[in-house]
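This report concerns only the one structure given below.
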Amino acid sequence: QVQLVESGGGLVQPGGSLRLSCAASGIPFNNIGMLWYRQAPGKQRELVAAISNGGDYTFYADSVKGRFTISRANAKNTVYLQMNSLKPEDTAVYYCNYGTVVPGTLLTRGSWGPGTQVTISS
């Protein structure tokens, strides 16, 4: 059974930082790409960042480039999203998922977990 458990969200002031974690089980973690998405109220879910199975390829949405960093610890079946210089527009529920992550192809294959709420407000 596939499980994706996101954690690390919270309430942070603008300019602050958060580190999200996603613990995965039931998937061949070492051989699969991982992706972070977010969904703000009233908006569609959007891809934020992705990382290949070996970590040698990463993708970032333009809105987070230079502020967010995706990484993974294959020994722990965990993917991270370090978020710095946070803005109110980063407020959303953040979800992780798995799929194909290679240059030119980003495909999500799994179901959605509960996500973790990130709120940026003063």
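The values are calculated or read from the model by the stated rules, or taken from the named source; none is laboratory data. Bear in mind that the values here come from a model prediction, so they are computed numbers and not experimental data. FYI the Cβ positions are ideal-geometry reconstructions off the backbone, even for glycines, and counts take in every protein chain you see. Heavy atoms of the whole protein, side chains included, go into the accessibility calculation; ligands, DNA and RNA do not. Shrake-Rupley method; radii C 1.70, N 1.55, O 1.52, S 1.80 Å.
In sequence order, segment 16-31 has phi-based couplings of x, 9, 9, 10, 8, 10, 9, 8, 10, 8, x, 10, x, 3, 5, 10 Hz under the Karplus curve 6.51 cos²θ - 1.76 cosθ + 1.60, θ = phi - 60°, and Gly or Pro positions carry x. Please list log₁₀ I(q)/I(0) at q = 0.09, 0.10, 0.20, 0.23 Å⁻¹ for the chain, using the Debye equation with identical point scatterers on the alpha-carbon positions. For the chain at q = 0.09, 0.10, 0.20, 0.23 Å⁻¹, log10 I(q)/I(0) is -0.21, -0.26, -1.08, -1.40.
For the chain, a Gaussian network of Cα nodes joined below 10 Å ranks GLY55, GLY104, GLY66 by mean-square fluctuation, and the top entry is GLY104. Taking 14 Å as the cut-off, the amide N atoms of segment 79-94 that come nearer than this to a point 7 Å along the Cα-to-beta-carbon line of THR58 belong to 79-85.
Using 0.36 nm per residue and subtracting the Cα-Cα separation, the extra length available between GLN3 and LEU107 on full extension is 35.6 nm. With R₀ fixed at 22 Å, the C-beta to C-beta distance from SER85 to LYS43 puts the FRET efficiency at about 0.60. For segment 57-122, the set of trypsin sites (Lys or Arg not before Pro) satisfying both a DSSP loop assignment and a count of at most 15 other C-beta atoms within 10 Å is given as LYS65, ARG67, ARG109. Close amide-amide hydrogen proximity is noted between GLY16 and LEU86, each under 5 Å apart and 5 or more residues distant or on a separate chain (H modeled in the peptide plane; Pro and chain starts excluded).
Roughly speaking, to the nearest percent, how much of segment 24-121's 1.4 Å accessible area is carbon and sulfur? Let's see the in-between values first.
Details: 2200 of 4690 Å².
Roughly 47 percent, rounded to a whole number.
Distance from the C-alpha centroid of segment 89-122 to that of segment 29-45: 2 Å, rounded to the whole angstrom. For VAL48, the residues 5 or more places off, or on other chains, whose built amide H falls under 5 Å of its own are TRP36, TYR37, ARG38. Once backbone amide H atoms are built at 1.01 Å from N, VAL2 has no partners under 5 Å, excluding neighbours fewer than 5 places away on the same chain. When you filter the chymotrypsin sites (Phe, Trp or Tyr not before Pro) in segment 52-96 for DSSP loop state and at most 10 other Cβ atoms inside 10 Å of their Cβ, nothing is left.
Before I look further, what does segment 20-120 give for accessible area per residue, probe 1.4 Å, in whole square angstrom?
Numbers: 4710 Å² over 101 residues.
Accessible surface, normalised per residue, equals 47 Å².
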